[in-house]
Amino acid sequence: MKHVDAIIVGGGPAGLAAAIELRKKGVEDILVLEREKRPGGILRQCIHDGFGLTRFGETLSGPEYAARFVREAEELGIPCLCDTTVLEVTPDRHVFASSSEHGMMEFEAGAVILAMGCRERTRGAISIPGTRPAGVYTAGVAQSYINLKNKMVGRRVIILGSGDIGMIMARRMTLEGAEVLGVFEVQPYASGLPRNVEQCLNDYNIPLSLSHTVTDIRGTDRLESVVISQVDDHMQPIPGTEVEYECDTLILSVGLIPENELTWMAGAEKDPGTSGPAVDESYQTTVPGVFAAGNVLHVHDLVDFVSLEAEALADGAPRFLAEGGLPECPLAVRGNELVGGLTPARVSGTSDVTVSFRVRRPLRDCTVEVRQGDTVIRRRRMAKALPAEMVQIKIAADKLNTTDDLEVTVTC
Amino acid sequence: MLREFTCIMCPQGCDIKVELEDGVIKSVTGNTCLKGEAYVTQEIQNPMRNIASSILVDGGELPLASVRLSGVIPKDRIFDVMAEIRKVELPAPVHEGDVAIADVLGLGVDVIVTKDVEAA
């Protein structure tokens with residue numbers, strides 16, 4: 001069994017950014033474990049541009065954004081074991097992994113950084129009725145076929161869900177000669193960014209239908225048609241509104257789920273608000289020395305914020321390694337009914353903290369407040385707030401007390 | 001005449017309102033930076049877009065390398081450029097920054113590779 005100071009599970013944008021920043025903060029003994037053949041994560045198939053505006057001040061494609069981190073990690077001599085699957089992380093930070101080349105491996109880690117990212121919700125997760133023909137894909141799977149394997153997935157396409165990947169795939173498939181009949185969204189608003197509604201759908205005259213969903217999938221070997229129904233205010237299909245669309249492909253862009261099996265094996269507690277692990281201001285889970293950042297913690301809309309979060313994680317982990325522990329975080333962070341996906345769960349009141357959340361529905365002219373007791377620490381007016389856009393609020397340590405819980409409220 | 005735009009210059013996606021009189025811009029509101037004003041001005045005159053796609057690679061570890069344009073092109077030329085990209089096959093290896101097609105269709109921009117694909 002080999003000891004490693006910091007093991008990073010996942011060589012995507014979060015894992016690489018954490019690894020680079022840890023090395024810059026003086027952690028020499030680092031190992032990145034990556035499941036795919038190369039580091040870079042999902043960005044390798046995200047060939048559209050628009051990445052990097054915040055982190056690098058310029059707009060890059062996904063592969064270019066990833067390559068910057070891959071190159072820097074290589075230059076710093078950070079080892080990355082690819083083609084390696086982590087099977088288990090234990091509460092005392094033993095990491096079991098396997099690869100064809102090295103077989104079973106066991107490491108004893110000073111700190112474990114969880115950076116596994118997220119995965120897509122599937123047809124099963126949203127229980128669409130119907131037959132089980134070929135031609136039903138999640139958006140990311142279709143993206144990988146088209147952008148990595150040169151396999152076109154279909155010609156007449158319906159897209160369910162207006163997540164960013166779904167809209168980007170609507171454009172991508174149109175550029176490759178497919179006919180995208182429409183994007184259907186069960187909620188009364190688009191779930192992806194407004195710019196993607198504009199540049200991926202409107203630019204190509206692809207209709208977006210809100211408050212609609214797929215209520216039947218038909219076809220034996222290959223998908224032949226889907227039935228679309230309008231839904232009511234409670235997202236229930238309205239009988240009599242069914243329209244059948246002939247198509248050979250159904251793409252699902254119906255949400256992302258943090259990939260946390262290893263997190264739970266390690267014994268970390270779940271944050272019910274994010275469905276990811278409950279973390280403190282240092283991105284430490286409830287298991288000492290096990291940290292999490294990026295999409296495994298909560299799903300981001302922009303990779304820039306994944307990188308920045310993973311870099312922020314690299315403040316706490318070296319302190320844990322040096323001091324054997326981090327300050328207690330006795331103060332809870334709570335949101336009101338308009339605040340969703342709030343993280344971190346706990347703070348100390350002695351360190352700077354970045355609070356992240358999403359509004360639960362589209363809002364105009366609202367006010368965000370962060371309070372401790374009767375004291376308003378931060379107040380931000382927002383002309384427009386969308387669930388598609390994560391809100392992040394930085395709070396300096398000197399504004400915080402060490403006795404009162406943090407309350408995050410959005411009011412309209 | 002009032003025209004409304006969703007700015008695509010950054011993820012913020014500002015709602016921008018433009019007051020036009022005989023095709024001349026009288027006022028621009030709703031943008032939170034200068035890029036927004038430049039975007040709607042261009043959008044009214046001649047909408048421009050960048051596109052990303054992929055290009056065939058012969059003998060590479062992957063069958064495709066991703067590409068994008070070095071700058072924007074008129075929106076109504078997107079499918080013409082896609083047709084040009086589809087005609088080309090590059091021999092492996094290819095590297096980020098390689099010019100796959102110089103000055104594509106005389107539009108003044110290059111098709112550039114955005115991913116390293118080594119020889120298999």
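The values are calculated or read from the model by the stated rules, or taken from the named source; none is laboratory data. On a predicted model such as this, the values are computed, not experimentally measured, just so you know. Every residue, glycine as well, gets a Cβ built from its backbone with ideal geometry; the counts of neighbours run over all protein chains shown.
Can you pull out every residue in segment A:346-361 that is within 19 Å of A:Ser275 (Cβ to Cβ) and out of contact with any strand residue (DSSP E or B) (no Cβ under 6 Å at 6 or more places or on another chain)? Once the filter is applied, which keeps residues that are within 19 Å of A:Ser275 (Cβ to Cβ) and out of contact with any strand residue (DSSP E or B) (no Cβ under 6 Å at 6 or more places or on another chain), segment A:346-361 yields only A:Arg361. Scanning segment A:110-145 for residues that are assigned to a strand (DSSP E or B) and under 25 Å from the mean Cα position of the chain (by Cα) gives A:Ala111, A:Val112, A:Ile113, A:Leu114, A:Cys118, A:Arg119, A:Glu120, A:Val136, A:Tyr137, A:Thr138.
Yes or no: A:Phe357 modelled with pLDDT of 95 or more and in a strand (DSSP E or B)? Considered against the rule, which asks whether it is modelled with pLDDT of 95 or more and in a strand (DSSP E or B), A:Phe357 comes out as yes.
Every condition in (1) over 30 Å from A:Arg364 (Cβ atoms); (2) in contact with a strand residue (DSSP E or B) (Cβ under 8 Å, 6 or more places away or on another chain) is met by B:Gly106 except one, and the failing one is (2).
The number of residues in segment B:7-23 that are in contact with a strand residue (DSSP E or B) (Cβ under 8 Å, 6 or more places away or on another chain), crowded, with 18+ Cβ neighbours inside 10 Å and within 14 Å of chain A (Cβ to nearest Cβ) comes to 5. Does A:Arg68 fit the bill of being assigned to a loop (DSSP other than H, G, I, E, B) and within 14 Å of chain B (Cβ to nearest Cβ)? For A:Arg68, the condition - assigned to a loop (DSSP other than H, G, I, E, B) and within 14 Å of chain B (Cβ to nearest Cβ) - is not met. No other residue among A:Phe357, A:Phe320 is under 27 Å from A:Ala6 (Cα atoms) and either within 14 Å of chain B (Cβ to nearest Cβ) or buried (at least 19 other Cβ atoms within 10 Å of the Cβ) (or both) apart from A:Phe320. The number of residues in segment B:81-99 that are surrounded by fewer than 19 Cβ atoms within 10 Å (Cβ to Cβ), more than 9 Å from chain A (Cβ to nearest Cβ) and of a type in the set (A, V, I, L, M) comes to 4. If the condition is being loosely packed, with under 15 Cβ neighbours inside 10 Å and assigned to a strand (DSSP E or B), then segment A:232-253 contributes A:Val243, A:Glu244, A:Glu246. Given the condition within 18 Å of A:Gly12 (Cα to Cα) and within 10 Å of chain B (Cβ to nearest Cβ), answer yes or no: does some residue in segment A:80-87 qualify? No: segment A:80-87 contains no residue that is within 18 Å of A:Gly12 (Cα to Cα) and within 10 Å of chain B (Cβ to nearest Cβ).
Being within 11 Å of another protein chain (Cβ to nearest Cβ) and out of contact with any helix residue (DSSP H, G or I) (no Cβ under 9 Å at 6 or more places or on another chain) holds for only one residue in B:Thr41, B:Thr32, and it is B:Thr32.
Just one residue in the set B:Ile78, B:Ile51 is of a type in the set (A, V, I, L, M), touching a helix residue (DSSP H, G or I) at 6+ places or on another chain (Cβ under 6 Å), facing another protein chain (nearest Cβ under 9 Å) and on the phi < 0 side of the Ramachandran plot; that residue is B:Ile51. Does A:Ala388 satisfy being out of contact with any Cys (no Cβ under 9 Å at 6 or more places or on another chain), more than 18 Å from A:Val408 (Cα to Cα) and not assigned by TED's automatic domain parsing to the domain that holds A:Leu406? No; evaluated as a whole, the condition is false for this residue.
Scan segment A:108-125 and tell me whether some residue there is among the hydroxyl-bearing types (Ser, Thr, Tyr) and away from every other protein chain (no Cβ under 14 Å). For segment A:108-125, residues among the hydroxyl-bearing types (Ser, Thr, Tyr) and away from every other protein chain (no Cβ under 14 Å): present. Based on this model, can you work out whether A:Pro39 counts as in contact with a Ser or Thr (Cβ under 8 Å, 6 or more places away or on another chain) and either closer than 30 Å to A:Ala322 by Cα or crowded, with 24+ Cβ neighbours inside 10 Å (or both)? So A:Pro39 does not fit the description; no.
Could you check segment A:1-33 and list, in sequence order, the residues that are assigned to a helix (DSSP H, G or I) and within 23 Å of A:Gly62 (Cβ to Cβ)? Residues satisfying the conditions are A:Pro13, A:Ala14, A:Gly15, A:Leu16, A:Ala17, A:Ala18, A:Ala19, A:Ile20, A:Glu21.
None of A:Ala383, A:Ala388 is within 21 Å of the chain's Cα centre (by Cα) and at pLDDT below 95 except A:Ala388. Pairing residues of segment A:325-345 that are buried (at least 21 other Cβ atoms within 10 Å of the Cβ) with residues that are assigned to a loop (DSSP other than H, G, I, E, B) and of a type in the set (A, V, I, L, M, F, W, C), at Cβ distances under 7 Å and at least 6 apart in sequence or on separate chains, gives A:Val333/A:Ala345; A:Thr343/A:Val279; A:Thr343/A:Leu297; A:Pro344/A:Val279; A:Ala345/A:Ala278; A:Ala345/A:Val279. Residue under question is A:Thr85, and the condition is that it be over 30 Å from B:Cys33 (Cα atoms) and out of contact with any Asp or Glu (no Cβ under 9 Å at 6 or more places or on another chain); does it hold? Considered against the rule, which asks whether it is over 30 Å from B:Cys33 (Cα atoms) and out of contact with any Asp or Glu (no Cβ under 9 Å at 6 or more places or on another chain), A:Thr85 comes out as yes. If the condition is being more than 12 Å from chain A (Cβ to nearest Cβ) and either surrounded by 19 or more Cβ atoms within 10 Å (Cβ to Cβ) or in a loop (DSSP other than H, G, I, E, B) (or both), then segment B:101-120 contributes B:Ile101, B:Ala102, B:Asp103, B:Val104, B:Leu107, B:Gly108, B:Val109, B:Asp110, B:Val111, B:Ala120. Determine whether A:Thr138 is polar (S, T, N, Q), touching a residue at least 24 places away in the same chain (Cβ under 8 Å) and either under 22 Å from A:Val197 (Cα atoms) or outside the structural domain of A:Ala322 (by TED's automatic domain parsing) (or both). Taking the combined requirement at face value, the residue satisfies it. When the residues of segment A:54-65 are filtered to those that are modelled with pLDDT under 95 and either assigned to a helix (DSSP H, G or I) or touching a helix residue (DSSP H, G or I) at 6+ places or on another chain (Cβ under 6 Å) (or both), the one that is farthest from A:Gly40 (Cα to Cα) is A:Thr54.
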